[in-house]
Each structure stands twice: as C-alpha cells, then as structure tokens.
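K.L.:
Pasting a structure here, questions to come.
The values are calculated or read from the model by the stated rules, or taken from the named source; none is laboratory data. This one's a predicted model, so the numbers in the text were calculated from it and none came from an experiment. Cβ coordinates were reconstructed from backbone atoms using ideal geometry, including for glycine residues, and neighbour counts include every protein chain displayed.
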Amino acid sequence: MTILLKLFKALNANQQPGQLALSFVLGMILGLTPLFFAHTLLTLALIFILRINLSAVFVSFIGFTGFAYLLDPVFNQVGLWILHSSALEPLFTDLYNNAFWRLMHFNNTLVLGSVLVAYLLSVPAFFAFLAFVRSYRQHFLNWSKDLEVVKWLQRSSKVKFVAEAMK
C-alpha cells in the first residue's frame, strides 16, 4: 500500500512526466524478461544511475510480470524464429563459441524472445506512458480535486497524519 501511495504522490507531484514514463518502461522491461539473467544487470544499472521513481518501477514490474506469463509462448516463438533464421546462424554459432555470450543465455529461446520484444516495445511504451502521465495530470487530477470525498479526506486529521508519515 505504501508503494501505491508513493506512486500517486509522484504522479501528483511536479516530477517530470518523462521521468515517470521512463520509470514505467524500466519496470516493464524487468517484468517482461526473465529476472535472473545477465540482461537484468543492464536494466538495474539504468534504474540506479538515472533519476527515476522507484515506486513506479516496482508497480510496473509487478504488473508486467503477471502479463509476461501470458506472453511466454509468444516470446518463445520469437526467440525460436530468430535462432532458426538461416541468415543469423553463423552469427549465433560464433557468439556461442565465446564464453561471454554464452553467459548472456541468448541461445535460450524464451530469454532471447522476451529481451528482444521488451526492448523493441520500450520506445512506443515510453510515449504511451508519457501520454498517460500527462493525461492523468490534466484530466483525472483536476477532476478528483473537485470531489467532495477528496475535500473531506484533506480536512481529516487522520489523513494528514498518514501524509506526514509518508514524508
């Protein structure tokens, strides 16, 4: 619950929409790809180097992890198609003979397919999340401020106590 409250606080704050969209995208990449492989280190490095919202990463990661199980057959087929491509066979043979690339597990159809799909989807997903954050701030945030329930909660001492505890 705390993570969701921090996410709504970030959505309502003056944090740049691009930072929030990038946070959602990095969480999506973590969620769509298998977690305990070397490509995860690249995504985690980006998460810790860039200035992004960790609660947005976590919420996106949880959401896309559940969605990834439904897409595993698609990821597997994409990886199988890439690995069985006759034009790429010499490349994959050379890469597999190198210990570094074997460590990357590119020969696993699920890993290759999910990483490829996740990184290809990251650019359109960034713009979709950017539009979502801007739309949320423009429409929903202004609409919710006018609700009587929200005004009542803002006057409540218990809500103020929770808000102070969140800081």
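K.L.:
Might you check whether a residue that is farther than 30 Å from L7 by Cβ, without any contact (Cβ under 8 Å) to a residue 40 or more places away in the chain and among the small types (G, A, S) occurs anywhere in region 61-80?
P.N.:
Keep residues of region 61-80 that are farther than 30 Å from L7 by Cβ, which gives 73, 76-80.
Then keep just the ones that are without any contact (Cβ under 8 Å) to a residue 40 or more places away in the chain; that gives 73, 76-80.
Filter once more, keeping what is among the small types (G, A, S): 79.
Yes - at least one qualifying residue is present in region 61-80.
K.L.:
Right, next: How about region 68-161: which helices (runs of 4 or more DSSP H) wholly inside it have at least 1 residues that are under 24 Å from A10 (Cβ atoms), out of contact with any Lys or Arg (no Cβ under 7 Å at 6 or more places or on another chain) and at pLDDT below 85? Working first, answer last.
P.N.:
On the way: elements: 89-96, 99-103, 109-135, 141-145, 148-155.
Those helices (runs of 4 or more DSSP H) span 141-145, 148-155.
K.L.:
Shifting gears a bit: Hey, can you tell me all the residues within region 103-132 that are free of Cβ contacts under 8 Å to residues at least 40 places away in the same chain and touching a Leu at 6+ places or on another chain (Cβ under 8 Å)?
P.N.:
Passing the criteria: F106, N107, T109, L112, G113.
K.L.:
Which of the residues spanning region 89-112 are loosely packed, with under 13 Cβ neighbours inside 10 Å and aliphatic (A, V, I, L, M)?
P.N.:
Hits for region 89-112 are L91, A99, L103.
K.L.:
Just give me the residues in region 5-20 being surrounded by fewer than 23 Cβ atoms within 10 Å (Cβ to Cβ) and either within 15 Å of the chain's Cα centre (by Cα) or modelled with pLDDT of 90 or more (or both), in sequence order. Step through it out loud before you land on a result.
P.N.:
So the first thing to find is which residues in region 5-20 are surrounded by fewer than 23 Cβ atoms within 10 Å (Cβ to Cβ), and the list is 5-19.
Within region 5-20, L7, P17, G18, Q19 meet the criteria.
K.L.:
Scan region 33-47 for residues that are part of a helix (DSSP H, G or I) and either crowded, with 23+ Cβ neighbours inside 10 Å or of a type in the set (S, T, Y) (or both) and jot them down.
P.N.:
Passing the criteria: T40, T43.
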